[in-house]
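Accompanying notes for the structure given below.
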Amino acid sequence: MDNMRRFETINDYNVFNNNETLHPLVSVVDLSKANPRSGSRMYFGFYTIFLKDVKCGDLVYGRHTYDYQEGTLVFLAPGQVAGVNSNGETYQPKGYALIFHPDLIHGTSLGKHIQDYTFFSYQFNEALHLSERERKIVLDCFSKIAYELEHAIDNHSKRLIVSNIELFLEYCTRFYDRQFITRDTVLKGILEKFENLLNEYFLSDKPQAIGLPSVAYCAGELNLSASYFGDLVKKETGKTAQEYIQAKVIDVAKERIFDYNKSVSEIAYELGFKYPQHFTRLFKQRVGESPNEYRSSQN
């Protein structure tokens, strides 16, 4: 696992897997054509989606190792490093990879909102687990893209290829929504941990030491990527994770405002605000009146 393979171009990865390059910016890679190999870390300079079809070891992402089961989709954005830990054993890759360079989607509808597909920044343990029916839809999408690549390039090629990639990503969004629902018990457990995390945070000296809790901080404490965590909270509560945190801040603030021995500025600093006016602005946005007005109105 110490060696690093770098794939800057679509052709680089096609050559590595014994696939023909039909288009310089996009490919549907049949991994079964690759030679048997042992695990390594890999750098990808393009969008990469793996459809796993065989047990070949554990995926490694950052410092973590994940059991990568068959019938899952994993998404990588350009510049990410991932790999397979095969414990020194040789394995025969199987499955497919859809790879496309950012240059393919510049100036297209997909290029304008690719960042909306937040699963490209999920961790591997947040992979999409497909049902057999969903897997067939994925393969059908791959087949349509492959058909366009095998067709002689004409004035319609780019639009059809990009449209089919976008359609595939829309299906993945739907499938992730389904996964959030079917893993409802797990999600509720995470939300309960999130609530407890915030309660403990505001009972500690962390607000004064490091400020207001960020979405990234909370996600890290719960061992989730910020993107997956944010999507999870939104799906379950209808609020963004940031809105959820702000609501908790206001709830705690309402309790502390009745400590008349403390000024509003002191309460703001206790909650983690660097500037009291930021606290006053948020409070007024959420409650409809300033902290001092709220304090007076409750007498």
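To the nearest 0.05, what FRET efficiency results for Ala152 and Asn35 with a Förster distance of 35 Å applied to their C-beta separation? Display every interim value, and only then the final one.
On the way: r = 30 Å, r/R0 = 0.85.
In this case the efficiency is close to 0.70.
Which of Ser157, Ser263, Ser109 ends up with the largest GNM mean-square fluctuation for the chain, with Cα atoms connected below 10 Å?
Evaluated over the chain, the most mobile residue of the options is Ser263.
For Lys136, go through the lysines and keep the ones whose alpha-carbon is under 22 Å away, minus same-chain ones fewer than eight residues off.
Once the sequence-local lysines are set aside, what remains near Lys136 is Lys33, Lys52, Lys55, Lys94, Lys144.
Give me Ser27, Ser296 ranked fewest to most by other Cβ atoms within 10 Å of their Cβ, as a rough exposure proxy.
Working: Ser27 25, Ser296 10.
Ranking Ser27, Ser296 by Cβ neighbours within 10 Å, fewest first, gives Ser296, Ser27.
Under a cut-off of 17 Å between alpha-carbon atoms, report the lysines in cross-link reach of Lys262, not counting same-chain residues fewer than 8 places apart.
Lys254, Lys274
With the crude spin-label approximation of a point 7 Å out along Cα→Cβ, what separation in nm comes out for Arg178 versus Ser297?
Here the answer is 4.7 nm between the modelled labels.
For the chain, which longest stretch is free of loop sites, where a loop site is one of the chymotrypsin sites (Phe, Trp or Tyr not before Pro) that DSSP puts outside H, G, I, E and B and that has at most 12 other Cβ atoms within 10 Å? Could you put the intermediate results ahead of the total?
Working: sites that count: Phe258, Tyr260.
For chymotrypsin sites (Phe, Trp or Tyr not before Pro) (loop position, at most 12 other Cβ atoms within 10 Å), the longest site-free span of the chain is 1-257.
So how do Val15, Val74 line up by other beta-carbon neighbours within 10 Å, fewest first?
Val15, Val74
Just to be sure I follow the definition: excluding the sites themselves, where is the longest run in the chain that has none of the trypsin sites (Lys or Arg not before Pro) in a DSSP loop with at most 14 other Cβ atoms within 10 Å?
Values: sites that count: Lys55, Arg63, Arg183, Lys239, Lys262, Lys274.
Within the chain, the longest run free of exposed trypsin sites (Lys or Arg not before Pro) spans 64-182.
Please rank Glu132, Glu221, Glu148, fewest neighbouring Cβ atoms within 10 Å first, as an exposure proxy.
Numbers: Glu132 7, Glu221 15, Glu148 23.
Fewest to most other Cβ atoms nearby, the residues stand as Glu132, Glu221, Glu148.
Report relative contact order for the chain in percent, whole number only (criteria: Cα-Cα under 8 Å, sequence separation at least 6).
14 percent
So who's got an amide H within less than 5 Å of the one on Arg5, skipping anything under 5 residues away but keeping other chains? H placed 1.01 Å off N, in plane.
Arg41, Met42, Tyr43
What does the C-alpha gyration tensor say about the overall shape of the range 185-297? Classify as rounded when a/c is under 1.5, otherwise prolate if a/b is larger than b/c, or oblate. Don't skip to the answer; put the middle values down first.
Values: a/c = 2.29, a/b = 1.81, b/c = 1.26.
Cα axes put the range 185-297 in the prolate bin.
When we measure straight from the Cα of Lys158, which aspartates and glutamates land under 14 angstrom away, once same-chain ones fewer than 8 places off are left out?
Asp103, Glu148, Glu150, Glu166
Return the long-range amide H neighbours of His23 (sequence gap of 5 or more, or a different chain), with a cut-off of under 5 Å between placed amide H atoms.
none
Bear in mind that the values in this text are calculations on the coordinates, not laboratory data. Everything quoted here is computed from the prediction, not taken from an experiment. We place every Cβ from the backbone using ideal geometry, glycine too, and count neighbours over all the protein chains shown.
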